1. What is the number of the single condition among (1) farther than 27 Å from GLY150 by Cβ; (2) out of contact with any Asp or Glu (no Cβ under 6 Å at 6 or more places or on another chain); (3) surrounded by 15 or more Cβ atoms within 10 Å (Cβ to Cβ) that VAL298 does not meet?
2. So which of LEU39, LEU29, LEU118 ends up being buried (at least 24 other Cβ atoms within 10 Å of the Cβ), in contact with a Cys (Cβ under 8 Å, 6 or more places away or on another chain) and modelled with pLDDT of 95 or more?
3. Could you figure out which of (1) touching a Lys or Arg at 6+ places or on another chain (Cβ under 8 Å); (2) of a type in the set (Phe, Trp, Tyr); (3) surrounded by fewer than 18 Cβ atoms within 10 Å (Cβ to Cβ) isn't true of TRP284?
4. How do the pairs read when you match residues in the range 228-257 that are in contact (Cβ under 8 Å) with a residue 24 or more places away in the chain with residues anywhere that are surrounded by fewer than 18 Cβ atoms within 10 Å (Cβ to Cβ) and basic (Lys, Arg), using Cβ under 8 Å and keeping only pairs 6 or more apart or on different chains?
5. Can you pull out the helices (runs of 4 or more DSSP H) entirely within the range 141-259 that have at least 1 residues that are over 22 Å from LYS270 (Cβ atoms)?
6. Can you go through GLY146, GLY197, GLY134 and tell me which one is touching a residue at least 12 places away in the same chain (Cβ under 8 Å), more than 19 Å from VAL295 (Cα to Cα) and of a type outside the set (A, V, I, L, M)?
Amino acid sequence: MLKTKVTELLGITYPIIQGGLAHLAYADLAAAVSNAGGLGQITAMSLPNANALREEIDKVRKMTNKPFGVNYAIGQHGRSFEDMVHVAIEKKVSAISVTGGNPKPVLDMVKGTGIKTLVLVAAKRQAEKAEELGADAVMVVGHEGGGHLGRDDVGTFVLTPQVVDAVKIPVIASGGISDGKGLMAAIALGAEGIEMGTRFIATKECVHAHELYKKALIGADEKSTVVIKRSLGAPARALKNEWTEKIIELEQGNPGFEVLKPYIEGKANKRYIYDGKENEGFAWAGQVAARITDVPSVQELFERIIEESIYISDKWNRIRSGKEG
């Protein structure tokens, strides 16, 4: 029932992809997602150097023999990525994803290697360009998503079918998805799979996320996130707290990057997500945090998603046959 172009492309059982999750997506989580039937990913650019990425890939391979990927957030860290991409090629990983910048240099580097390429986009034109550059699939993130978003406030429900109609390569929906309802809604919109970020933070195998961070996700409602960094042209969604309110207050004066840097840099992010200092930093999260109520294992989460997806599919069949009433 859940065989799609994405499962065929990536050699996975279910069309569910774990997001890159800066500072959080390492071996434990990536292996757990891949073992459960999805595509787990390592976040390359949060690692200090190429050797650290090699070690992390080796850790994943000790924990799973399933396909997994490496994410390259090339626009957010102000450093070169070429050495990190060479590691993915050297280690012959199954897939890579590119987020946060122009994917062309990365796509050019892996061309002809057999590595599958996914590009995160937040607009129809970006998706068309990614296809033109040779991406194997695009991941479409709507305004509901956590972390860095597109500059236009377009939701997943509108953006996904727009992109599906515009490109021939498989489309993966992202933003506002946490369960079987979201998966089947994405399929109904024409997507071939989903990417989830925030939902995977609140799992047992996301071992780097502080318990306070996970509790904050569980306690969130639909109004518990805010968008910061709009004044820099790089909007991103995080949990609402004293720190993000200060960022938004500062942004009203359009102060520029140097003034905002101490508030938005990785150190501030880590103070919250690693150390649990919730009012001394920030934590990325999508609006879907309102749908998170517990911290299951990744395997338990997958089982729920698939069970719910099957229930919805059966309901569609009953409606089609006139037996739903």
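1. (2)
2. Going through LEU39, LEU29, LEU118 in turn, the sole match is LEU29.
3. For TRP284, the exception is condition (3).
4. Pairs found: GLY233/ARG151; PRO235/ARG151.
5. Ranges flagged: 156-166, 180-188, 242-251.
6. Exactly one of GLY146, GLY197, GLY134 is touching a residue at least 12 places away in the same chain (Cβ under 8 Å), more than 19 Å from VAL295 (Cα to Cα) and of a type outside the set (A, V, I, L, M), namely GLY134.
Residue-wise test of (1) over 18 Å from GLY19 (Cα atoms); (2) surrounded by fewer than 19 Cβ atoms within 10 Å (Cβ to Cβ); (3) assigned by TED's automatic domain parsing to the domain that holds GLY38.
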residue	(1), (2), (3)
GLU128	yes, yes, yes
GLU144	no, no, yes
ARG151	yes, yes, yes
VAL154	yes, no, yes
VAL167	yes, no, yes
SER174	no, no, yes
SER178	no, no, yes
LEU189	yes, no, yes
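Quick grid of which residues meet (1) modelled with pLDDT of 95 or more; (2) among the acidic types (Asp, Glu); (3) assigned to a loop (DSSP other than H, G, I, E, B):
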residue	(1), (2), (3)
GLY276	yes, no, yes
GLY281	yes, no, yes
ALA290	yes, no, no
VAL295	yes, no, yes
GLN299	yes, no, no
GLU303	yes, yes, no
ILE306	yes, no, no
SER313	no, no, no
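The values are calculated or read from the model by the stated rules, or taken from the named source; none is laboratory data. Because the structure is a prediction, the values reported are computed rather than measured. We place every Cβ from the backbone using ideal geometry, glycine too, and count neighbours over all the protein chains shown.
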